[in-house]
Amino acid sequence: MRAMADEMLTEAREAFLKGDDRTAEILLQQLLLQNSRHPEVHQMLATLCYNQGKFSKAIQHFKRALEIDPTYTDASVGLSIILNDLGKYEEGKKIFQEAQERLDKAKGRPDPWVDEKIASKHEELADLYSQYKRHQEALEQLLKAQKLSSRKPEISMRIADTFVQLGESNRAVKDLRLLVREYPHLTTARLKLGLILYNSNNVAEAVEQWENVLVRDPENPEALRYLKMAQAAGITTLGASY
């Protein structure tokens with residue numbers, strides 16, 4: 001019986017990660033009928049409920065996960081985030097702080113990765129919002145993640161992509177210019193900046209960004225491809241043969 005439940009949980013987890021919400025929910029509900037006391041069951045159900053706009057049920061499942069395992073970080077972070085999104089800032093802050101204190105006590109020392117864990121959860125929520133074309137909400141989650149994470153360049157580029165989805169290419173360009181100024185050797189940011197500029201008909205600036213990449217990485221395949229694209233379109237004449 002235990003082996004069957006473990007197998008069902010694995011299948012539910014795989015479906016959940018693939019975005020097959022219907023299959024995941026069916027499997028998770030079956031696990032509940034078997035009186036599963038695995039906190040991840042409730043954590044995944046809470047996330048599914050949240051995606052469906054069933055906020056009360058989502059909160060119930062997050063709290064149930066924490067009843068089973070008070071140190072279950074995913075549940076405490078998820079519950080804190082949903083309460084913050086509902087405007088219950090103090091309650092959300094209190095729940096996470098209490099869970100963190102229990103976790104620190106259990107480990108005997110503070111968790112140095114707590115901000116990164118919270119940032120990761122914000123990114124997961126951003127992914128879910130993006131999946132359903134809710135780009136404004138995705139942006140809000142990414143901005144929260146950016147404040148907490150040490151992976152500023154990676155998240156900043158995701159924010160730029162989201163601005164493009166929202167039709168705010170000018171804001172994306174502004175943010176990416178600041179990013180390449182701060183990280184001049186970050187070729188991925190220059191490539192992205194060039195592409196957004198190109199699609200906004202700022203071709204000369206786009207070519208400048210791509211050529212800048214080639215100064216640092218002469219064989220960069222994306223920069224070479226983009227420059228060929230600009231040349232083939234007859235928009236610009238390149239001085240060198242790429």
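Structure notes:
- All positions within segment 145-166 that are among the basic types (K, R) and at pLDDT 95 or above: R158
- Breaking point among (1) at pLDDT 90 or above; (2) under 21 Å from the mean Cα position of the chain (by Cα); (3) under 15 Å from D85 (Cα atoms), for M44: (3)
- The listed residues are E154, E205, E182, E168, and the only one of them that is under 23 Å from K228 (Cα atoms), free of Cβ contacts under 8 Å to residues at least 60 places away in the same chain and among the acidic types (D, E) turns out to be E205.
- Of the residues in segment 162-179, at least one is under 26 Å from F96 (Cβ atoms), out of contact with any Lys or Arg (no Cβ under 9 Å at 6 or more places or on another chain) and surrounded by 15 or more Cβ atoms within 10 Å (Cβ to Cβ).
- Members of segment 180-190 that are surrounded by 13 or more Cβ atoms within 10 Å (Cβ to Cβ) and assigned to a helix (DSSP H, G or I): V180, T187, T188, A189, R190
- Of the helices (runs of 4 or more DSSP H) lying entirely inside segment 15-112, the ones with 3 or more residues being touching a residue at least 40 places away in the same chain (Cβ under 8 Å) and surrounded by 18 or more Cβ atoms within 10 Å (Cβ to Cβ) are found at 73-85.
- A99 fulfils the conditions (1) under 17 Å from the mean Cα position of the chain (by Cα); (2) within 24 Å of L48 (Cα to Cα) except for a single criterion, (1).
- Test result for T10, touching a residue at least 60 places away in the same chain (Cβ under 8 Å) and not in a loop (DSSP other than H, G, I, E, B): no
- Of the listed requirements (1) assigned to a helix (DSSP H, G or I); (2) not assigned by TED's automatic domain parsing to the domain that holds A15, K133 misses just one: (1).
- For segment 23-39, filtering for residues that are aliphatic (A, V, I, L, M) and farther than 14 Å from M4 by Cα leaves 2.
- Scope segment 141-152; condition surrounded by 15 or more Cβ atoms within 10 Å (Cβ to Cβ) and either more than 13 Å from the chain's Cα centre (by Cα) or not in a helix (DSSP H, G or I) (or both); matching residues: S149, R151
The values are calculated or read from the model by the stated rules, or taken from the named source; none is laboratory data. What you see is a predicted model, and the numbers here were worked out from it, not measured in a lab. In this analysis, Cβ positions are derived from the backbone assuming ideal geometry, glycine residues included, and neighbour counts consider all displayed protein chains.
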